[in-house]
Amino acid sequence: IMQLIREIPGVICNEPPGAFYIFPDVKAYFEKTTPTGELICNADDLAMYLLHTAHVSVVTGKAFGEANCIRISFANNTENIEKGLKKMKDAFSALK
């Protein structure tokens, strides 16, 4: 998962010492506009954009005291994780 998340430009993520989730910083995508013209102002907006566009569910970092982050669980099989991260990468690349 770390290799795949590092392939997404602008996403910064430390490797967890032993967990079933990662907590990447996604602030590079704040103040970007979606293909439909909506402005991504924060991680909440980004989480909703990913849900509606990529059909991928992430949790905003605000609940964990990290407003610039999202939480991505990888408690799933490798194939689904790879598909989800590919969808996220495509959704991120569509932001302008």
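Number of Lys-Lys pairs in the chain with C-alpha atoms under 17 Å apart and a separation of 8 or more places or on different chains: 6. Compared with the dominant principal axis of the Cα atoms in the chain, helix 78-93 is inclined by about 20°.
In percent, rounded to a whole number, the relative contact order of the chain is 30, using alpha-carbon pairs under 8 Å and six or more apart.
Karplus-derived 3J(HN,Hα) values for segment 49-59, using 6.51 cos²θ - 1.76 cosθ + 1.60 with θ = phi - 60°, are 4, 5, 5, 6, 9, 9, 6, 10, 9, 10, 10 Hz; glycine and proline are entered as x.
Once all protein chains are placed together, D25 keeps about 30 Å² accessible to a 1.4 angstrom probe. Need one number: convex hull volume per residue for the chain, Cα atoms only, in Å³. Per residue, the Cα convex hull of the chain comes to 86 Å³.
The GNM of the chain, with springs linking C-alpha atoms under 10 angstrom apart, assigns the highest mean-square fluctuation among E31, E79, E66 to E79.
Of all the accessible heavy-atom surface of the chain, with the other protein chains kept in place and a 1.4 Å probe, what percent is carbon and sulfur? Accessible surface attributable to carbon and sulfur in the chain totals 53 percent.
Considering only N14, N76, N42, the mean-square fluctuation computed in a Gaussian network model of the chain, springs between alpha carbons under 10 angstrom, is largest for N76. At a probe radius of 1.4 angstrom, the accessible area of the chain per residue rounds to 60 square angstrom.
The values are calculated or read from the model by the stated rules, or taken from the named source; none is laboratory data. Treat the numbers as computed from the prediction; the structure is a model and nothing was measured. Just so you know, the surface numbers come from the protein's heavy atoms only, side chains and all, with ligands and any DNA or RNA stripped out. Shrake-Rupley method; radii C 1.70, N 1.55, O 1.52, S 1.80 Å.
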